[in-house]
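Comments concern the structure below.
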Amino acid sequence: MSWLTIIFLAPVLGVILILLTPAENKTAIRRLAAAATSVSLVVAVGLLFLFDRDAGGFQFVQKVAWVPSIGISWHVGVDGISLVLVLLTAFIIFTGVFVSFSIEQRVKEFYIMLLTLVTGVFGVFITLDLFWFYFFYELSVIPMYLLIGVWGSTNKEYATMKLTLYLTFGAVIALVAILALYVMAADLTGTYTFDLLELGAIAFPQNTQILLFLPVLIGFGILVPMWPFHSWSPGGHAAAPSAASMLHAGVLMKLGAYGIIRVGIVLLPEGAKAWMPLVAVLCMANILYGGYVAMTRRDMKFMVGYSSSSHMGYVLLGMASLNIIAFTGAVLLMFAHGIMTGLAFALVGWIYEQSHTRLLPEHSGRYGYDSANARDPSQAKYPELSGLAPQLPFIGGCFVATGMASAGLPGFANFVSELMIIVGAFSVYPVQAVLAVFGVVVTAVYYLRAIRAVLFGPVNPAWGKLRDARLITERLPYVVLILVLLIVGFYPSLLVDVIHTGSVAVMEKVAQGATIVVQERP
Amino acid sequence: MMTGVALLWAELAVGLLALAVLCMDFVAPRLDKPVLGYVSVLGLAAVLADLVQRAGRVGGLGFSGMYVLDAYAVFFKALFVLTAILVLLMTLEYADRLERGQGEFYAFILLATTGMMLLSSASNFITAFLSLELLAITSYILAGYLRGHPKSVEAGMKFFVIGGVSTGTLLYGISFVYGATGSVDFKDVAATILNRESTDPALVLGMVLVLVGVFFKIAAVPFHVWIPDVYEGAPTPVAAFLSVGSKAAGFALLIRVLLEPMLAMKSSWSVVVAVLAAVTLCFGNLAAIPQRNIKRLLGYSSIGQAGYLLVGVAAANELGIGSVLFYLLAYLLSNLMAFFVVVIVSNTTASDEIDDYAGLWRRSPLLAAALTIGLLSLAGVPPLACFFGKFIILGAAVQEGLIWLAAVGAVNIVISLYYYLLVVKRLYLWEATDPRPLPVTLVARWTLAASTAGVVFIGVYPSPFLEWSLAAARVFF
């Protein structure tokens, strides 16, 4: 029994126990959810220290035959890249459970959906079998439909249907490529297998690799969200309840990038080399277009949502550069951005719950057409958010820290990762690297404006009744997340050494373009 | 090796049970009619247990080659018996709405099941035709059972007319095949075609007509027109029975006809079936989107599901046929679960309109969850049963080089998800106009719980069921 299976089973056990708890007993349900996610978190942090940085390869491996007639097995293991992502998921769901304590409607169903969703996400990151990869990838899409549709806000029915259908569409595009890979591998070796390690050892013909990489890129890229397949994202983020947004922007979007790495770059390296220049161009649209649109949003959740798309552009740039520094930076940014965006959505969610509005005040700038405004007039009738800092000192402080982190202030993990990406990308795509630096400025603009307008503007007496985070359960999530960003920011080798072992293996595969056997450790 | 009448033990058991139910019906007063239903269920459960237990150990050819008992036939017999059990449990919920003839209803379901079981063992065109007729005629009666309701009578009439045309086409085709080859036995026809040097136009015409007759049964596009009206009008348990049993029976025959007598013509029919699959998929799923009546929606959805099954048939390799059989099992549980909930809800609300399902989560969390799991399984969402079925069907298509067909199937997953989510939206996102709790009987609770467990278990641990399906498919390879 691998530790990874325990991380995976903890939320499953949580779901089963919550199913058996009567719906009226909200406290018990919340405690069960917190307990389940804390188990996953403790084990994940433990694995971070147990991981043998010198050996590298896949560790904590477990393999059990599942459907032998077609070559499916329960094969789990993590390398440096997936371990960090498992850790990210564990942090986000743990804090997300606490952030969701304020939900009072249909608590039981909420936590069942949330824990089912996180089961799917853990499954994707720990699995080394292509069938289970797709299984958990699709499993992660449906609970979102209910999470946003029932507990969401702005325009939730439209947003959730669009999100679910768009992401499923991406998944099925990748499915056709996965099946083609499976059949082609069987033609080449004679055995039918979905095992990622065995498939990784096969040298597919170059033309096939180039052909198959495109559906993999587009299918998984839709979840990243790679421009131009991003239109599901802003509406979805704005509509989702806080914990769902945290999970979605913090973790689910990383599933897409991870899919491109595990299925695309590792299995089809020639295809990666052929298509990455295109990715390097598209990610610019993410970074700059996403950033510019974020600057014109008046609804803070839309702003943070577009900011997420924008930062995923940096991840794509790091991946597209296909060298060690940029790639490692990309994975580190996946972690850092996930934590930071979880923070941002949690904070905006706090303000929204108290004040029922997320709109930046009119006087703080010129705004573009905000579909949220048009379709959620209920927000427009609330008084303007302004000068909240004296009323919400803790939340305000966290918000400032989040803004600084997002803009890449040294001391936070985002700085390290963005620096690595830009340095790594400069040698391959100098133009993009330079433009990416401007993206940092753009991020600073919209975050600083939001901070100035909402926290430090003239105090609006209408907000005298707002509550700050006081209880331990209310402050815990923000403290944990900021601490993580600071610790990794000041001592990045904690994670970088781990990621490095994984990136080295991936880059070797790309360099050879053919057979490389990745180490397995029981 | 078994011979003679012993081969027919399962059909005889079910048929005799039907006659016993009919006899008991004469003496049972109106209040005791449900007992007949329970007796049928118990009898069928015994047959199913026996079939499953004997699965690997029986075989034989009987009645001068007219009847064959192989792993494929046993698999389908088990499937049909399971369908009948669930439909009978559904009927017990529905029974108060059958104004007359409750006892005969159970007997008709049992007789139809006998017909289906015979069909899965047919190795001869005449046996196939006979069993098909037994199934068809009982189905017409069942569809028009509510004599006082114009919609049911209309459904029965439409079904009878279109069914009659399709049976006539089938028989016409069989006559051409007999004329061209001199035999109605599947193996003999296969040997004759293999030995022939040129393709006889009469033979081709005969085969096409036979296939058209079968396509009516499985409701492939463009032979699907009877489905929406018949499903909407017929009593809901009958619609459920048709959507699963009749369809599975059609596929049992289709696969046998394509892979035994018509094996030599594979290069011709493979393309036709593939195109038909694509058209059926697209039409069925797109036409389901605007539906406002849940039975019509499930009807069009079943057309779409037939499209997936046809993809597996078009692939026609071991994984292809095995995946069709696996998918039929998964589809059986998911679809019957959905219809079960429809029966229970319409008992209280007297409506089959989708909008009247709004807020079901509040009125009955169990029903809402069961319906959601059934529909999401049909949509192909993991960790539910039909996900694995779709996965391996598309895998089989890719194996045979039908990547375009796999892509069509994949895109239709998204389209079908849309209309299934439209129902789920009403169940969970909308509020009920009448928030009073919906009563659910104990038998219904247990059945839904068992079906849910089955759907999830098959989805998460499909291996034993896949092994069984592949063993059944290996009969042809």
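So between A:ASN460 and A:MET1, what do we pick up on full extension, going 0.36 nm a residue minus the alpha carbon distance?
Going from the current span to full extension adds 159.5 nm.
R0 = 60 Å: FRET efficiency of B:THR348 with A:LEU483, Cβ-based, nearest 0.05?
FRET efficiency, B:THR348 to A:LEU483: 0.65.
How do B:365-375, A:185-195, B:239-249 rank on mean C-beta neighbours within 10 Å, highest first?
B:239-249, B:365-375, A:185-195
Give the relative contact order (percent, whole number) for chain B; include only Cα pairs under 8 Å separated by 6+ residues.
Relative contact order of chain B: 14 percent.
Could you give the accessible area per residue of the stretch B:323-433, probe 1.4 Å, as a whole number in Å²?
21
So how much accessible surface do A and B hide from each other in total, probe 1.4 Å, in square angstrom to the nearest 100?
Result for this pair: about 3200 Å² buried.
Where the centroid of each part is defined by its Cα atoms, how far is the stretch B:280-302 from the stretch A:107-165 in Å?
25
Quick check on packing: order B:284-291, A:488-495, B:132-139 by the mean number of other C-beta atoms within 10 Å, highest mean leading.
In descending order of packing, they fall as B:132-139, B:284-291, A:488-495.
Taking Rh as the Kirkwood radius computed over C-alpha pairs, what is the Stokes-Einstein D of the stretch B:54-93 at 20 °C in a medium of viscosity 1.002 mPa s, expressed in µm² per second?
Rounded, D is 184 µm²/s.
Across the residues of B:406-417, average count of Cβ atoms on other protein chains within 10 Å?
Numbers: counts 6, 5, 0, 3, 11, 4, 1, 6, 10, 3, 0, 9.
For peptide B:406-417, the averaged partner shielding equals 5.
Could you compute the FRET efficiency for B:VAL153 and B:VAL279, with r as their C-beta to C-beta distance and R0 at 22 Å, rounded to 0.05?
The calculated FRET efficiency here is 0.10.
Using only alpha carbon pairs under 8 Å that are at least six residues apart, calculate the relative contact order of the stretch A:140-280 and give it in whole percent. Could you put the intermediate results ahead of the total?
Working: 166 pairs, mean separation 46.5, N = 141.
Computed over the stretch A:140-280, the figure is 33 percent.
Taking A:LYS26 as the anchor, which lysines have their alpha carbon closer than 18 Å to its alpha carbon, excluding any fewer than eight residues away along the same chain?
A:LYS108
Find which of B:VAL165, B:SER120, B:LEU384 sits farthest along the positive direction of the dipole of the protein assembly as shown, computed with +1 on the beta-carbon of Lys and Arg, -1 on that of Asp and Glu, about the Cα centre.
About the Cα centre, the residue reaching furthest to the positive side is B:LEU384.
If you average the sequence gap of Cα pairs under 8 Å that are 6 or more apart and divide by the length of chain A, what percent do you get for the contact order?
Rounded, it is 18 percent for chain A.
Where the convex hull is taken over the Cα atoms of chain A, what is its projected area averaged over directions, in nm²? Don't skip to the answer; put the middle values down first.
Numbers: hull surface 86.5 nm².
Reported value for the Cα convex hull: 21.6 nm².
Between the helical axis of B:186-195 and the dominant principal axis of chain B, each derived from Cα atoms, what acute angle in degrees is found, rounded to the nearest 10?
40
Quickly work out the B:ALA20-to-A:VAL281 label distance, labels modelled 7 Å from Cα along the C-beta direction, and quote it in nm with one decimal.
Taking the two extended label points, one gets 7.5 nm.
For A:ASN207 and A:GLU353, compute 0.36 nm times the residue count separating them, minus their Cα-Cα distance, and round to one decimal in nm.
Length difference between fully extended and current span is 47.2 nm.
With r as the distance between the Cβ atoms of B:TRP404 and B:TRP9 and R0 = 51 Å, compute the FRET efficiency 1/(1 + (r/R0)^6) and round to 0.05. Working shown, then result.
Numbers: r = 45 Å, r/R0 = 0.88.
The pair B:TRP9/B:TRP404 has a calculated efficiency of 0.70.
Could you order the peptides A:276-288, B:18-30, B:410-422, B:148-160 from most to least packed, using the average number of other C-beta atoms within 10 Å per residue?
B:410-422, A:276-288, B:148-160, B:18-30
For chain B, what is the mean residue ellipticity at 222 nm derived from helices alone (per DSSP H run of n ≥ 4: -39500 (n - 2.57); sum divided by total residues; nearest 500 deg cm²/dmol)? Each step should come with its number before you reach the end.
Values: 20 runs with 352 residues, N = 477.
Theoretical 222 nm ellipticity from helices: -25000 deg cm²/dmol.
In Å and from the alpha-carbon atoms only, list the Rg and Dmax of the stretch A:44-92.
Expressed in Å, the Cα Rg and Dmax of the stretch A:44-92 come to 13.0, 38.
Over what distance in Å are the Cα centres of the stretch B:342-373 and the stretch A:1-57 separated?
34
Using Cα atoms only, what is the angle between the long axis of helix A:393-406 and the major principal axis of chain A, expressed in degrees (0 to 90) to the nearest 10?
40
For helix A:413-426, what angle does its Cα long axis make with the longest principal axis of chain A, in degrees from 0 to 90 and rounded to 10?
Between helix and principal axis, roughly 50 degrees.
Provide, as a two-decimal number, the C-alpha radius of gyration of the stretch A:217-265 over 2.2 N^0.38 Å, N being how many residues it has.
Scaled against compact globular proteins, the figure is 1.14.
Please compute, for peptide A:167-180, the average count of beta-carbon atoms on other protein chains lying within 10 Å of each residue's beta-carbon.
That average works out to 6.
Cα atoms only, chain B: Rg and Dmax in Å?
In order Rg, Dmax, the Cα atoms of chain B give 21.2, 72 Å.
Under 26 Å Cα to Cα from B:LYS158, which lysines show up? Leave out anything in the same chain fewer than 8 places away.
B:LYS217, B:LYS247, B:LYS295
Which value, to two decimals, describes the C-alpha radius of gyration of the protein assembly as shown once divided by 2.2 N^0.38 Å?
Cα-based Rg divided by the globular estimate yields 0.99.
In peptide B:381-388, how many Cβ atoms from other protein chains are near each Cβ within 10 Å, on average?
Mean partner-chain Cβ count within 10 Å for B:381-388: 5.
Separation between the A:SER102 and A:VAL441 pseudo-spin-labels, each 7 Å from Cα along Cα→Cβ, expressed in nm?
Here the answer is 3.6 nm between the modelled labels.
The values are calculated or read from the model by the stated rules, or taken from the named source; none is laboratory data. Remember, predicted model here, so these are calculated numbers, not experimental data. Heads up, the Cβs are rebuilt from the backbone with ideal geometry, glycines too, and the neighbour counts pull from every protein chain shown. Just the protein is used for accessible areas: all its heavy atoms, side chains included, with ligands, DNA and RNA removed. Shrake-Rupley method; radii C 1.70, N 1.55, O 1.52, S 1.80 Å.
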